[in-house]
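Peer 1: Would you mind keeping the following structure in view while I ask a few things?
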Amino acid sequence: MKLQFSKITLLVLITAQLISCDSVKRVPENEHLLTSNTVLINGKKDNTELINNLLYQEPNSRIPVVGTPLRLHVYNLARNNKDSLFEAWLDKTPNRRARLTKRLSKKQLDKLKESSVGFNNWLRKTGEAPVIVNEDKAKKSVDRLEAYYTNNGWFDVEANYSINKTDNKRADVVYNVETGVPFVLDTISEKIKSPLIDSIYQRTKNHTLVKHNEPYKSSNFSQERERISNELRNSGIYHFNQDYVTFEMDTIGTNKKVNVEVQIQNRAIRTQDSIKRVPFNIYKIKDVNIITDYSFENRGKPFQDSIFYKGYKIYGYNKIKYRPKALTDAVFINPNTVFKDSDRTLTYRHLNELRTFKYPNIDYIENENNTLTDSIRLTPLKKFSLGFSADASTSNIQTIGFSLNPSLLIRNVFRGAETFEISAITAIGSSQDKKENDPFFDINEIGADLKLTIPRFFFPFNTEKIIPKYMSPSTRISLATTSQTNIGLDKQTFTGIFNYNWQPSAKVTNSLNVFNIQYVRNLNIQNYFNVYENSYSSLNEVAQDVGYINSETDLEIPEGTDAFLSYVLADDTPSEISTTQLSTVNSINERKTRLTENNLILASSFSLTNDERTNLFDEDFSIFRFKLELAGNLLSSLSDAFGLKKNTDNRYELFNVAYSQYVKTELDYVKHWSLGNKNIIATRSYFGIAIPLGNSSNIPFSKSFFAGGANDNRAWTAYSLGPGSSESSNEFNEANLKLALSVEQRFNIFGSLNGAIFVDAGNIWNVLDDVTDENSTFTSFKSLKDIALGSGLGLRYDFSFFVFRFDIGFKTYDPSYQDQNRWFNDYNFSNAVYNIGINYPF
C-alpha cells in the first residue's frame, strides 16, 4: 500500500512539473509570463473583484478549485507555421507527396492539409495566449488605481508598481497604493437661478445623494444630477436635462473637507448668433391624440373616423376597431395634466403589453402658452397569427414519438385589445412494451387548449382603486382537454382556469387563480401492473411464496392480479398469509386504488414572485416565490346543503367522483452571488407541504411532491428518492412534505464551456395523511436525519439562446441505509446518476 501511494505521489509530481514547464512554452526569450497580480492597499492585500477589474493585465484564466490554466495549455498545443510544417512533412521522405497524391488524389490531400491546419487554428482560438508582462499596461493600471481612489474621496492617493521576475520566464506584479486620509463633504449650498426650479428642488431635497459629512464619491454627484433632472422633468419642466446641473467644489484650507455648491442654470435658447437665458416654465398636456392604424403609407391622408373619449382624441384612417377604454387604459399621459416624463415610459410599457401593436411612437409638439400636444401613433399587428411546432422524442415509455402543435392567435377579439389563442396537440408514438399484434405506432394523444387574455380585470365592479392600471392588471381564462391512449393508464383530462395577474412593482408579480378545476379520468385501469412493474413483482412474489401459483408461473394481468388481491384482502385473511405479507399486499392495493382513481380538483390559489434581477445577464440577485393553494373547501361547505352523497369510503362525490380537499403551500428562494470572471455561487432552498382535509385522507398524485431528477437532488433519478428512509421499490415515490437545499459553484472553463460543482440536499416525507410507515413519515425534527445528500460535478455549454447541461451526481449520504453507515456507500461511477438538462436548475 505504501509503495502504491509513493508511485501515485511521484506520478502527480512529474505531471505537475511537466505542466509547469509547458506553461512557458510559447513565451519568447527575454519575456516573462504573468503569474499573479498583488494589490496592496495601505500595506494590506486586496483581492476583491472591484480592485482586480481596475488592472489592465490579468494572468491567464485558471479553473477554480483546481487552479490549472487550461486554456493556456490548449493554446500551447497548437503549433506555429502549421502550413509550412505540413509541407515539410510531405517532403521529408522521398516520394511521400507523390505517393499520397496518387493514393488520395490532390484534392483529398489538400483537404487533409486544411483539416490539419483547421484543427490547429481551433486550438489557438479556443485556447488563450500567454499573458506577457507589459510595463506600459502596469503604468496604466497604476493611473487607473489612482483615478479610482481619487473619485472616491482619497485626493492624496499615491500608487506605484514593482515587477518580480524569476529565472524560469515567470513574473508577478505588485501594486502598492497609499490612499492617505479620505475627504468628506462639509457645507452644501445651492445657487439656483430660477425661483420655480428652486422651489421644486427644495421640495425634493431630502432625497439628495450628496449629504453632509459623508465620504466624497464622484458617482454620487453623477447620480444626483440624474435625480434632479428626473424630479424636474416629472414636475412639468419639459425642457430640462442634466446639462443644466453642475457642482462647484472647494477644498482649499478646509482640512480634508469638501464644500459643495449645487448650481442650476436657466434654460438656454440658442439662436444663430447667441444664447439667450430664460427661466424654466411648467408645461401642461393640452391634447392627447391617439392614431389607431398609423403606417408609412397612411401618413398625410385625412382621418376617416374619430372618437372623443374622456379628453382623449382617437383617430383612424379607417373605421376605428378598438373600444376607447381599451386604449386609454394603457395610456398614462392625461389631457389637462402637468407633463411627466415617467408617464411616457409607462405608456410605452403598457401599450407593448397589449401584444396588439408594434412598438408605438410617442411625440410631443410644443404649443403656445406652455402647453404640449402628445401624439401616440399605433401600428396594429396582423389580426391573425399562425404558429406551428413539431417534436421528436424518446423515453422509457416509448421507443420513438412525434408530436405536432399548431396554434392560432387572434388579436382584438372583442374590440378591447384581447388576445384569443387556440392551440392543439396531436401525437403518435411506439411504446416500449407493445404486444405482438399491436401496430408500430400504438400510442396516440390529442388535445386542445383555448386561452383568452383580457388586458384588465374582468370583474363586475371597477377595481381601479384596488389595483391601479399602472400594475398591469390582466385576466386569463383558459379551457383545455387532452385524451391519451396506450400511455400508461390512458387518461382523459379537462382543465379550466380563471386567473388574475398584476404587478405592484417592477420586481413583484402577483397571480390569483380564482378557480382552477381539473378532472382526470383513467381509461385503462387494468393496465396498472404493466405500468408499475415493481408493484407487480412484489405481488407476484407473495403469490408464489404462499403457493397461490407455482414458482414457474406468474400472475396474469389483470385477471390474476385482481383475483389475488381479492383473495388476500378478504374479510377472513387466508391462514397461509403472514402479517408481513398482508401488509405488503395491503400497501400495494392502497397505492393502486389511489393512483387509478379519478380525480376532481376545484382549487383557488395565490402566488407571489419577487425577482430582483435587473436584466437577463444579472448574476448577483435573489428570487423569492410563495404559493398558497386551497382545494375542495367550498365544495365541502356546500356538500350538505346540496345533499351530496358519500361513497363507501365516507367521501362526498360530485358527478360520481370524490373531490379532493387540501391546503398546500410552497416557499422557494434562489440567491446568486457573482465572484467575478464568470465565477458564480448559486443556492436554492425550498419548502413545500400539502395537508389533506375533510373529504380527503391523502393528496392527489398530481399535487404531491417528489425528489430527485435533473432539477432537484441530482444524485437520484426523478421519483426515486424517499419518502424518508423507506426502502421503497415504487417506480414513482411521492409524498406531501418536501425540503430541498442546493449549493452550486459555476465557473468558466473556456469560451462557451462552463463547469460546476454542486451539493444537493433534501427529501420527501408523509405527514398528516393516511400513511403509517414510520420510515416514510415526518414525526419530529429527528426525521431531519433522513435528509439525503448528493454531490457532483457538471458541464454546461452556452448556446446563447439556451444552455445545454450535463451533470453527474453521487450519493453522498443515503437515508435508505436505515441501520447502517449512510455515508459514501454508493459513491462511485457505477451508482452515479447522469443528468441531461436544458438551462440551469436554479
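Every number in this text was worked out from the coordinates using simple rules, so none of it is lab data. On a predicted model such as this, the values are computed, not experimentally measured, just so you know. Quick reminder, even Gly has a Cβ in these numbers, built from the backbone with ideal geometry, and neighbours come from all protein chains shown.
Peer 1: Within 11 Å, Cβ to Cβ, of residue 792, how many net charges do the neighbouring residues add up to if Lys/Arg are +1 and Asp/Glu are -1? Working shown, then result.
Peer 2: Details: positive: 714, 811; negative: 744, 760, 807.
Local charge sum for residue 792: -1.
Peer 1: A further question follows. Using only alpha carbons, build the gyration tensor for region 722-782 and give me the equivalent ellipsoid semi-axes, biggest first, whole Å. Mind dumping the intermediate values first?
Peer 2: On the way: eigenvalues 241, 32, 14 Å².
One finds semi-axes of 35, 13, 8 Å for region 722-782.
Peer 1: Could you give me the radius of gyration and the Dmax of region 652-783, taking only the C-alpha atoms into account and expressing both in angstrom?
Peer 2: Answer for region 652-783, Rg first and Dmax second: 18.2, 61 Å.
Peer 1: Hey, with R₀ at 22 Å, roughly what FRET efficiency would residue 517 and residue 594 work out to, going by the Cβ-Cβ distance, to 0.05? Before the final figure, lay out the partial values.
Peer 2: Numbers: r = 21 Å, r/R0 = 0.93.
FRET efficiency, residue 517 to residue 594: 0.60.
Peer 1: Return the FRET efficiency for the residue pair residue 702, residue 727: r is the Cβ-Cβ distance, R0 is 25 Å, and the value is rounded to the nearest 0.05. Could the numbers behind the result be given before it?
Peer 2: Details: r = 25 Å, r/R0 = 1.01.
Computed FRET efficiency for residue 702 and residue 727 comes out at 0.50.
Peer 1: Nearest 500 deg cm²/dmol is fine: what mean residue ellipticity at 222 nm does the chain get from its DSSP H runs of n ≥ 4 alone, each adding -39,500 (n - 2.57), divided by its residue count?
Peer 2: -7000 deg cm²/dmol
Peer 1: Tell me, what is the FRET efficiency for residue 325 and residue 607 to the nearest 0.05, using R0 = 35 angstrom and their Cβ-Cβ distance as r?
Peer 2: On the way: r = 28 Å, r/R0 = 0.81.
The computed FRET efficiency comes out at 0.80.
Peer 1: If the chain between residue 461 and residue 391 were fully stretched, how many nm would it gain, using 0.36 nm times the residue separation less the Cα-Cα distance? Write out the running numbers ahead of the final one.
Peer 2: Details: separation 70, 0.36 × 70 = 25.20 nm, distance 4.43 nm.
Residue separation times 0.36 nm, minus the Cα-Cα distance, leaves 20.8 nm.
Peer 1: Here is a follow-up. Starting from the amide H of residue 238, placed 1.01 Å from N in the peptide plane, find each other amide H under 5 Å away whose residue is 5 or more places distant or on another chain.
Peer 2: For residue 238, whose amide H was placed from the backbone, the distant partners under 5 Å are 283.
Peer 1: Sticking with this structure for a sec: Per residue of region 656-667, what does 6.51 cos²θ - 1.76 cosθ + 1.60 with θ = phi - 60° give for ³J(HN,Hα)? Whole Hz please, x for Gly and Pro, Karplus curve as stated.
Peer 2: Along region 656-667, the couplings run 6, 10, 6, 6, 8, 9, 6, 10, 9, 9, 9, 10 Hz.
Peer 1: Now for a different question. Rank these for me by crowding, 296, 119, 457, going from fewest to most other beta carbons within 10 Å.
Peer 2: On the way: 296 7, 119 12, 457 19.
Ascending number of Cβ neighbours within 10 Å: 296, 119, 457.
Peer 1: For region 277-304, list residues with backbone N below 19 Å from a point placed 7 Å from the Cα of residue 318 toward its Cβ?
Peer 2: Of the residues in region 277-304, 290-304 have backbone N under 19 Å from the label point off residue 318.
Peer 1: Fewest Cβ neighbours within 10 Å first, please rank 764, 525, 699 accordingly.
Peer 2: Lowest to highest Cβ neighbour count: 525, 699, 764.
Peer 1: Suppose a student asked you for the relative contact order of the chain, using Cα pairs under 8 Å spaced at least 6 residues apart; what percent would you report? Before the final figure, lay out the partial values.
Peer 2: Working: 1742 pairs, mean separation 46.0, N = 842.
Value for the chain: 5 percent.
Peer 1: How large is Rg over Rh for region 288-363, taking Rg from the Cα atoms and Rh as the Kirkwood inverse mean of 1/r across Cα pairs?
Peer 2: Values: Rg = 12.3 Å, Rh = 13.1 Å.
With Rg and the Kirkwood Rh in hand, the quotient comes to 0.94.
Peer 1: Could you tell me which of 525, 582, 539 has its Cα farthest along the dipole of region 525-596 towards the positive end, charges placed at Cβ (Lys, Arg +1; Asp, Glu -1), taken about the Cα centre?
Peer 2: 525
Peer 1: Mind counting lysine pairs for me in region 284-377? Cα separation below 24 Å, and the two need to be 8 or more apart along the chain or on different chains.
Peer 2: Taking region 284-377 as the scope, the lysine pair count is 26.
Peer 1: Using a simple charge model, +1 on the beta-carbon of Lys and Arg, -1 on the beta-carbon of Asp and Glu, nothing else, what dipole does region 133-183 show about its Cα centre, in debye to the nearest 20?
Peer 2: Numbers: 7 positive and 9 negative charges, 64 e Å.
Around 300 debye, computed over region 133-183.
Peer 1: Right, here's the next one. Net charge near residue 155, counting Lys/Arg +1 and Asp/Glu -1 over other residues with Cβ under 13 Å of its Cβ? Kindly include the intermediate steps, with their values, before the conclusion.
Peer 2: Numbers: positive: 217, 256, 257; negative: 146, 156, 158, 178, 250.
Net of charged neighbours comes to -2.
Peer 1: May I pose another question? Which of the helices in the chain, when you take each full DSSP H run, stretch at least 27 Å along the axis at their Cα atoms and have an average Kyte-Doolittle score of 0.0 or higher? Spell out each step's value before the answer.
Peer 2: On the way: long enough: 2-23 (32 Å, 0.99); 106-126 (30 Å, -1.27).
Qualifying helices, which must be both long enough and hydrophobic enough, are 2-23.
Peer 1: Between region 662-679 and region 301-341, what is the separation of their alpha carbon centroids in Å?
Peer 2: 43 Å
Peer 1: Explain nothing, just the number: dipole magnitude of the chain about its Cα centre with +1 on each Lys and Arg Cβ and -1 on each Asp and Glu Cβ, in debye rounded to the nearest 20. Working shown, then result.
Peer 2: Numbers: 97 positive and 96 negative charges, 871 e Å.
Here the chain has a charge dipole of around 4180 debye.
Peer 1: Still on this structure, I have one more. State the antiparallel share, in %, of DSSP beta bridges confined to region 284-377, rounding to the nearest 5. Write out the running numbers ahead of the final one.
Peer 2: On the way: 12 of 23 bridges.
The antiparallel proportion sits near 50 percent.
Peer 1: For region 218-302, which trypsin sites (Lys or Arg not before Pro) are both in a DSSP coil and crowded by at most 13 other Cβ atoms within 10 Å?
Peer 2: Details: sites: 225, 227, 233, 256, 257, 267, 270, 276, 277, 284, 286, 299; in loops: 256, 299.
For trypsin sites (Lys or Arg not before Pro) across region 218-302 that sit outside H, G, I, E and B with at most 13 neighbouring Cβ atoms in 10 Å, the list reads 299.
Peer 1: By how many nm would the segment from residue 73 to residue 653 grow when fully extended, if each residue of separation counts as 0.36 nm and the alpha-carbon distance is taken off?
Peer 2: Details: separation 580, 0.36 × 580 = 208.80 nm, distance 6.99 nm.
Gain in length upon complete extension: 201.8 nm.
Peer 1: Counting other C-beta atoms within 10 Å, which of 653, 49 has the fewest, and how do the rest follow?
Peer 2: Numbers: 653 16, 49 11.
Final ranking by Cβ density, sparse to dense: 49, 653.
Peer 1: Another one. Given charges of +1 on the Cβ of Lys and Arg and -1 on the Cβ of Asp and Glu, with all other atoms neutral, how large is the dipole of region 502-558 about its Cα centre, in debye to the nearest 20? Walk me through the numbers before you get to the answer.
Peer 2: Details: 2 positive and 6 negative charges, 161 e Å.
Value, rounded to 20: 780 debye.
Peer 1: Now for a separate question. Give me the net charge of residue 629's neighbourhood, meaning all other residues with Cβ under 12 Å from the Cβ of residue 629; Lys, Arg count +1, Asp, Glu -1. Present the calculation step by step, with values, prior to reporting the outcome.
Peer 2: Values: positive: 627, 664, 703; negative: 666.
Every neighbour counted, the sum reads +2.
Peer 1: Which whole number of Å³ per residue matches the convex hull of the alpha-carbon atoms in the chain?
Peer 2: On the way: hull volume 282.7 nm³, N = 842.
Convex hull volume per residue, Cα atoms: 336 Å³.
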